[in-house]
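Colleague: Mind having a look at this structure? Questions to follow.
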Amino acid sequence: MYKNLVFDLGGVVVNYNPRDYLMDRFFYERLENKLFDAVFGSEEWIMLDRGEMSLEEANEIFLQRGHKLDIAFEMQAVLDNWPEMLTDRKATINLMRLFKKKGYQLYYLSNISHEMLGLLRQRPFWSLFDGGIASCEVGICKPDPEIYEILLQKYHLSAHQTIFADDRKENALGAFSAGITGIQFHNVKNFCNMLLSYGINMD
């Protein structure tokens with residue numbers, strides 16, 4: 001019987017799609033690809049998630065890269081405004097409230113930087129969580145099996161009673177290495193259908 005539901009943050013609880021964000025701002029695929037590779041697809045972005053670099057340090061590198069690529073103006077605009085994409089996914093949050101009322105324990109497990117984590121902790125939905133693990137705080141990113149084990153050990157959770165939802169297939173699959181049931185999250189309707197297949201009823 002499942003008792004614990006674990007949620008990725010970006011792409012599940014809040015919107016996080018850098019490619020769509022860049023496309024909506026610039027309408028120029030070549031520029032969008034340059035900016036994505038220079039920021040969100042960069043090694044520095046991974047280092048932010050692992051807590052190995054501050055956002056201030058990363059932004060200096062991104063700006064230098066922008067100058068070298070002759071996209072300094074556009075780079076500055078992205079660095080100033082990218083948190084705007086982190087809008088709440090209301091359908092997910094409403095579902096979380098429902099599960100909370102039904103007595104489930106809710107946790108987060110996210111590849112996320114200290115700065116982004118700080119922003120999300122200020123949101124009203126944060127109080128729904130009973131705890132969680134952020135990659136920046138443990139220096140390990142999904143789908144490394146160790147980060148799932150850290151979650152289980154910290155909160156004394158039974159893997160067989162735990163479901164994890166992540167929008168990235170490799171992260172959902174990574175949960176199985178720790179004995180956790182992983183579900184790739186596409187949208188709330190699909191997620192609910194998957195939960196029903198595991199015997200979790202939302203009525």
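The values are calculated or read from the model by the stated rules, or taken from the named source; none is laboratory data. For clarity, every value in this text was computed on a predicted model and none was experimentally measured. With ideal geometry, Cβ positions are generated from the backbone for all residues, glycine too; neighbour counts draw on all protein chains shown. When the accessible area is computed, the model is the full protein with side chains, heavy atoms only, and any ligands, DNA or RNA have been set aside. Shrake-Rupley method; radii C 1.70, N 1.55, O 1.52, S 1.80 Å.
Colleague: Return a yes/no flag: does segment 112-119 have any residue that is exposed (fewer than 14 other Cβ atoms within 10 Å of the Cβ) and free of Cβ contacts under 8 Å to residues at least 24 places away in the same chain.
Modeller: yes
Colleague: List the helices (runs of 4 or more DSSP H) that sit entirely inside segment 1-90 and contain at least 2 residues that are more than 21 Å from the chain's Cα centre (by Cα) and farther than 23 Å from G118 by Cβ. Break it down stepwise before answering.
Modeller: Values: elements: 18-26, 29-38, 43-49, 55-68, 72-81.
Once the helices (runs of 4 or more DSSP H) in segment 1-90 are filtered for at least 2 residues that are more than 21 Å from the chain's Cα centre (by Cα) and farther than 23 Å from G118 by Cβ, what remains is 18-26, 29-38, 55-68, 72-81.
Colleague: Quick one: how many residues across segment 147-160 are of a type outside the set (F, W, Y) and surrounded by 15 or more Cβ atoms within 10 Å (Cβ to Cβ)?
Modeller: The total comes to 7.
Colleague: Among the residues of segment 27-45, what is the count of those that are at pLDDT 95 or above and of a type in the set (S, T, Y)?
Modeller: So the answer is 1.
Colleague: Which one of these does D166 not meet: (1) open to solvent by 20 Å² or more (accessible area, probe 1.4 Å); (2) touching a residue at least 60 places away in the same chain (Cβ under 8 Å); (3) of a type in the set (D, E)?
Modeller: (1)
Colleague: If a residue must be among the small types (G, A, S) and part of a helix (DSSP H, G or I), how many such residues does segment 150-202 contain? Write out each step before concluding.
Modeller: Within segment 150-202, the subset among the small types (G, A, S) is 158-159, 165, 172, 174-175, 177-179, 182, 197, 199.
Adding the requirement that they be part of a helix (DSSP H, G or I) leaves 159, 172, 174-175, 197.
Within segment 150-202, residues that are among the small types (G, A, S) and part of a helix (DSSP H, G or I) number 5.
Colleague: For segment 19-32, what are the residues that are open to solvent by less than 70 Å² (accessible area, probe 1.4 Å) and over 26 Å from C136 (Cα atoms)?
Modeller: Scanning segment 19-32 gives F26, L31, E32.
Colleague: Mind listing just one residue for me: the one in segment 91-111 that is touching a Ser or Thr at 6+ places or on another chain (Cβ under 9 Å) and open to solvent by less than 10 Å² (accessible area, probe 1.4 Å) and, of those, nearest to N15 (Cα to Cα)?
Modeller: S110
Colleague: State whether one or more residues within segment 61-74 are surrounded by 20 or more Cβ atoms within 10 Å (Cβ to Cβ), among the acidic types (D, E) and over 30 Å from T162 (Cβ atoms).
Modeller: Yes, that holds for at least one residue.
Colleague: Only one of these conditions is not met by I147: (1) in a loop (DSSP other than H, G, I, E, B); (2) modelled with pLDDT of 95 or more. Which number is it?
Modeller: (1)
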